[in-house]
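First comes the structure, then the notes that go with it.
The values are calculated or read from the model by the stated rules, or taken from the named source; none is laboratory data. It should be emphasised that the depicted structure is a prediction, and the values quoted were computed from it without experimental measurement. Positions of Cβ are generated from backbone atoms using ideal geometry, with glycine treated the same way; all protein chains shown enter the neighbour counts. Note: areas computed on protein heavy atoms with side chains; ligands, DNA, RNA excluded. Shrake-Rupley method; radii C 1.70, N 1.55, O 1.52, S 1.80 Å.
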Number of protein chains: 2
Amino acid sequence: MSDRLIYLPLGGSGEIGMNAYVYGYGPKEKERLILVDIGVAFSDMESSPGVDLIFADISWLEKNKDRLEAVFITHGHEDHIGAIGHYWEKLGVPVYARAFTAHLARHKMADRGQPEDVVRTVSAWPEMTEAGPFNVGFLPISHSIPESAALVIDSPAGRVIHSGDFKLDETPLVGEAFEPELWKEVCKDGVKALICDSTNVFSPQEGRSEASVGPEIEALVAAAPNMVVATTFASNVARVKTLAEAGQRAGRSICLMGRAMRRMVEASITTGVLTDFPKVISPEDAASIPREHLMLLVTGSQGEHRAASAQLARGKYNGITLKEGDLFLFSSKTIPGNERGVIRIINQLSEMGVDVVDDSSGKYHVSGHANRPDLLRLHDVVNPVMVIPNHGEHRHLREHAKLANQAGRASIVAVNGTMLDLTGEQPSVTGYVETGRVYLDGAVQIGAMDGIVRDRLRMAMNGHVTVNVLLDEDDEPLGEAWVEVKGVSEMGRSKAPMVDVLEEDLTQFLGRAGAKTLRDDDKLENELRRIARNTARDEIGKRPEVTVIISRLS
Amino acid sequence: MSDRLIYLPLGGSGEIGMNAYVYGYGPKEKERLILVDIGVAFSDMESSPGVDLIFADISWLEKNKDRLEAVFITHGHEDHIGAIGHYWEKLGVPVYARAFTAHLARHKMADRGQPEDVVRTVSAWPEMTEAGPFNVGFLPISHSIPESAALVIDSPAGRVIHSGDFKLDETPLVGEAFEPELWKEVCKDGVKALICDSTNVFSPQEGRSEASVGPEIEALVAAAPNMVVATTFASNVARVKTLAEAGQRAGRSICLMGRAMRRMVEASITTGVLTDFPKVISPEDAASIPREHLMLLVTGSQGEHRAASAQLARGKYNGITLKEGDLFLFSSKTIPGNERGVIRIINQLSEMGVDVVDDSSGKYHVSGHANRPDLLRLHDVVNPVMVIPNHGEHRHLREHAKLANQAGRASIVAVNGTMLDLTGEQPSVTGYVETGRVYLDGAVQIGAMDGIVRDRLRMAMNGHVTVNVLLDEDDEPLGEAWVEVKGVSEMGRSKAPMVDVLEEDLTQFLGRAGAKTLRDDDKLENELRRIARNTARDEIGKRPEVTVIISRLS
């Protein structure tokens, strides 16, 4: 059998988040494998209440663990690196990344009690790392975090470019610029496939450089009469630096608040990514500085409840209280789904009299992803035989594939679980593997389809009723049915307490139930549940979740 | 004591939605009252799971019911009219509205078994309705629903203009245009206060006319090769008509799908608002028409799970299945908080190969609210002594008040429950009344602060554990503790079933518990709950909600 080159997204294709892509080369079903990125997605109340983090289901990879050579991580964003500490034990192979990313990865390994030394720091292109039949290089590209890289993945079937998240920024301020000449050089002997980020395919304008926000931010901060607070993604180190420098030029002391903000700046300095960050002061010192000479850089641009932004909006945080006339800048966009949390903070700040400036003017934030014209430009620079859109919802992948097709390149929409054969001139679907989501729920991993979260959602919608009955040695009811409710209206249509109405109906049923029903736990439980739900529906128009407890003296 | 004019928002000020504004005139605390609008807000999973609708808490009005003269409704949007059927019984006074709005209000009364004849149809300005010391006129103004009106509220203290929701559209297509000359005439003898919609105060550009979207929609529909489906807010009758006409001109049969879509068109025709709507066909007939000759106008522009859009995105609906190459137009914006539902539909459509066009280009939708320059223009036309911003979150009210202040007008931020005295030259706070939210939960009304929804949210986050113990006549445990879980991981850190671990810890506790504890229901319950929660925390890192059932044979 001849060798083939395969591509299999396990996460990140058909959604934004939890990126995980497998490449393989070798004989069919014996391909040697590498994994590119292993990220997380974030939960929401609508679909995954109580869940801490979401991972791609990598069961397929676990089953084929003996074929896995290595993990390569393109950059340090949570949706590319976040699961490494949780999943490494299941993979057991070396993890390769550039210095800044590797630094973050080691933190994540340590946080989960995993070995840090399996994370190996590699240099950028032209250095390459051998992993089975693959040779992999980290080709620098600009993004909203330092040291983001595309991967050059060479195998006997040819060269593949895996873009990772990117934008075409030639003045990114921190980290490497996009260098078209270098890219052309890398791609000049022909590229089989470009696997390419799709998140911003619907943004019609060319992307703007990180350098464009500096003057705007500087003017805003210079004109502020009182305290200035600014929030952005902590990992956008270039932006954090721009903000800090704007504060410094305006004669303000800079204070970082929030764990992620301090960790990212520290990681950047440690790894040499950041060499000239303004001096910062501690929150304790900040509290004693006149407010017009202070600028806080804080976490929580997405409205996260426990982050510094939300805490400042609720009141005193680290000894600091915002006041009438202070300025709060969101140098960030709100990720869809986070609007309510962000708006809550803005309104709380408004109640304090704080002036909030957000991204609506377009002046204080630029995206880290390639827009539609930028994607086309990268296609042209790389000039691949085929373009495989990745990282995006279905609508993004489809639009990106159309774009490539229109330019005469082969393309295909491959969502999570779709295994493509890239060996020929056209990508072809060669199989499907089961994929899905795994939830980190407190300290344990549960399956998204286990029914646990479904039960929670049902309780959230309808409340919960506990029904308790006691039966004696002869299976005769002892006393009345006993009911407790949670999350259920106390009064219903009959204007009597719900608990009383339920207990009466259930007790009446017990009185008329036959011996056969009373003897049979399953039957009795089903009947009690049915009656409880029907009575509730009549009383309050809802059918709660019901737990039935049957206690027998026998 | 001298008479005074008061203003009291009970809903809609400090939020978008559930508008309810009280005006009063007379001696202090004996003012005769009118209520303007009585709307609803919508629930969300993050704060109010399972809740059907949200109403303003009108306890204050109920307590002062004998002082209430009438309800006036500015227009037929749910956030202005939606609670009338639920609350009318508590108010018991006549309800005045223009024909189209009154038609909708009667439907709502009938839906709740309330008398329809208390809803009285009034004509537009210059007709006025007497209500105690007030004389109230409906002054037409454009908005995204027919027959929207501002109210001219005259009392011995002077003339007040209550804007209602509005935009300054001189070519609204359906319903009356904004007529600056008429407005100037009404306001020429001086206006004490303008109570003014604030929702779009952060939109910097002048609003665009409804007429501007027609040509864009027409071009899009004309170019579509296959089936066309369009969704918008059903109450935006002008848009529905524009869409239908675009279809008709492209030689397509028009089919309305979704109850609200049919109800709104019917209400518009019945009340004479709409005179020349294209002929529509039934869904049954639509199924037999070639898809390139068909256009569906459907409900569900906000991603509502049960509306026509979502059903079409999931598969067959009313005999119709969308296919590769069909066009789906969102002629609407996504209200913040609804993004996830809308995006889900777009991706489902993408999977079917349907081409989705949304509002991102700005070509196929215009807002129904006045933007910042429009607000300033209305301030100038009305030229009031004071501007009281209403209908908006705190940030909107604050910005709107700033805007008025900058132009030299008195203004103040008055959130729900703030009673203003408008008698003098400046608004002044004269008291605060308790306000809040009431939830329609299935068939019953519950208080937002009753703890019911809080319990649901806790169960949604942490799951639920039922603990059952049985004690004999001597208060000795009979057998072991029994546990049932819902929404809780089945396995914990110790790799044994959660239920077994919980039962073991609880049974051990029962074995060592003293007679005093075992005799005391409260003490025993607290201990069992504490142990269950702690064991769960150790096992799975979460503390579930716990219901304890203690059965005693005594």
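Here are a few things to note about the model shown:
- Applying a threshold of 6 Å to beta carbon distances and a minimum spacing of six or more residues, or different chains, the list of pairs starting in the range A:128-152 at a residue that is in the same structural domain as A:Y25 (by TED's automatic domain parsing) and modelled with pLDDT of 95 or more and ending at one that is of a type in the set (D, E) and open to solvent by 20 Å² or more (accessible area, probe 1.4 Å) reads A:A131/A:E69; A:G132/A:E69; A:N135/A:D154; A:P140/A:E176.
- Output for the range A:251-270, where each listed residue is among the charged types (D, E, K, R) and in contact (Cβ under 8 Å) with a residue 60 or more places away in the chain: A:R263
- Matching residues, the range B:150-169, being open to solvent by less than 10 Å² (accessible area, probe 1.4 Å) and not in a strand (DSSP E or B): B:S163, B:G164, B:D165, B:F166, B:D169
- Residues that are away from chain B (no Cβ under 14 Å), in a loop (DSSP other than H, G, I, E, B), out of contact with any Phe, Trp or Tyr (no Cβ under 8 Å at 6 or more places or on another chain) and at pLDDT 95 or above do not occur anywhere in the range A:40-54.
Residue by residue, here is whether (1) open to solvent by 20 Å² or more (accessible area, probe 1.4 Å); (2) of a type in the set (D, E, K, R); (3) not assigned by TED's automatic domain parsing to the domain that holds B:A224 holds:
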| position | (1), (2), (3) |
| --- | --- |
| B:S268 | no, no, no |
| B:S282 | yes, no, no |
| B:R306 | yes, yes, no |
| B:S309 | no, no, no |
| B:Y317 | yes, no, no |
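- Test: residue in the range A:505-514 that is assigned to a loop (DSSP other than H, G, I, E, B), surrounded by 15 or more Cβ atoms within 10 Å (Cβ to Cβ), in contact with a strand residue (DSSP E or B) (Cβ under 9 Å, 6 or more places away or on another chain) and among the aliphatic types (A, V, I, L, M): yes
The rows are residues; the columns are (1) surrounded by fewer than 18 Cβ atoms within 10 Å (Cβ to Cβ); (2) touching an Asp or Glu at 6+ places or on another chain (Cβ under 6 Å); (3) among the hydroxyl-bearing types (S, T, Y); (4) assigned by TED's automatic domain parsing to the domain that holds B:R306.
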| position | (1), (2), (3), (4) |
| --- | --- |
| B:R239 | no, no, no, yes |
| B:G251 | yes, no, no, yes |
| B:V265 | no, no, no, yes |
| B:S288 | yes, no, yes, yes |
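- Listing of helices (runs of 4 or more DSSP H) fully contained in the range B:170-250 that carry 1 or more residues being free of Cβ contacts under 8 Å to residues at least 12 places away in the same chain: B:180-187, B:213-223
- Each residue in the range B:462-481 was checked for being within 7 Å of chain A (Cβ to nearest Cβ) and surrounded by fewer than 20 Cβ atoms within 10 Å (Cβ to Cβ), and 0 of them qualify.
- Qualifying positions in the range A:127-149 - among the β-branched types (V, I, T) and surrounded by fewer than 24 Cβ atoms within 10 Å (Cβ to Cβ): A:T129
- Search result, residues across the range A:482-528 that are away from chain B (no Cβ under 11 Å), closer than 18 Å to A:S551 by Cα and in contact with a helix residue (DSSP H, G or I) (Cβ under 8 Å, 6 or more places away or on another chain): A:L506, A:F509, A:L510, A:A513, A:K516, A:T517, A:L518, A:K523, A:L524, A:E527, A:L528
- Scanning the range A:481-519 for residues that are within 17 Å of B:V453 (Cα to Cα), among the small types (G, A, S) and touching a Pro at 6+ places or on another chain (Cβ under 9 Å) yields a single hit, A:G487.
- Sole residue being away from chain A (no Cβ under 14 Å), in contact (Cβ under 8 Å) with a residue 24 or more places away in the chain and open to solvent by less than 30 Å² (accessible area, probe 1.4 Å), chosen from B:I531, B:I540: B:I531
- Candidates in the range B:3-30 are the residues that are part of a strand (DSSP E or B) and open to solvent by 10 Å² or more (accessible area, probe 1.4 Å); of these, the one that is nearest to B:E425 (Cα to Cα) is B:R4.
- Any helices (runs of 4 or more DSSP H) falling wholly within the range A:306-424 and containing at least 2 residues that are within 13 Å of chain B (Cβ to nearest Cβ) and over 26 Å from the mean Cα position of the chain (by Cα): A:339-351
- Screening A:D37, A:D44, A:D52 for residues that are open to solvent by less than 10 Å² (accessible area, probe 1.4 Å), within 20 Å of the chain's Cα centre (by Cα) and charged (D, E, K, R) leaves exactly one candidate, A:D37.
- Top-ranked residue of the range B:426-454 - restricted to ones that are within 14 Å of another protein chain (Cβ to nearest Cβ) and over 18 Å from B:S47 (Cβ atoms), ranked as most open to solvent (accessible area, probe 1.4 Å): B:A443
- Being part of a loop (DSSP other than H, G, I, E, B) and without any contact (Cβ under 8 Å) to a residue 12 or more places away in the chain is a property that B:G76 lacks.
- The sole residue among B:V366, B:V381, B:V356 that is free of Cβ contacts under 8 Å to residues at least 60 places away in the same chain and surrounded by 16 or more Cβ atoms within 10 Å (Cβ to Cβ) is B:V356.
- Residue-level analysis places B:S350 among those that are crowded, with 20+ Cβ neighbours inside 10 Å, farther than 22 Å from B:C255 by Cα and in the same structural domain as B:N226 (by TED's automatic domain parsing).
- The criterion of being at pLDDT 95 or above and within 14 Å of chain B (Cβ to nearest Cβ) holds for A:S203.
- Looking only at residues of the range A:325-345 that are in contact (Cβ under 8 Å) with a residue 40 or more places away in the chain and charged (D, E, K, R), we find that the one that is farthest from A:D44 (Cα to Cα) is A:D326.
- B:A110 passes every criterion in (1) within 14 Å of another protein chain (Cβ to nearest Cβ); (2) surrounded by fewer than 24 Cβ atoms within 10 Å (Cβ to Cβ); (3) of a type outside the set (V, I, T) apart from (1).
- Whichever residue in the range A:290-304 is of a type outside the set (A, V, I, L, M, F, W, C) and closer than 17 Å to A:R252 by Cα and, among such residues, is surrounded by the most Cβ atoms within 10 Å (Cβ to Cβ): A:R291
- Screening A:G300 on (1) assigned to a loop (DSSP other than H, G, I, E, B); (2) out of contact with any strand residue (DSSP E or B) (no Cβ under 9 Å at 6 or more places or on another chain); (3) farther than 21 Å from A:A224 by Cα shows it passes everything except condition (2).
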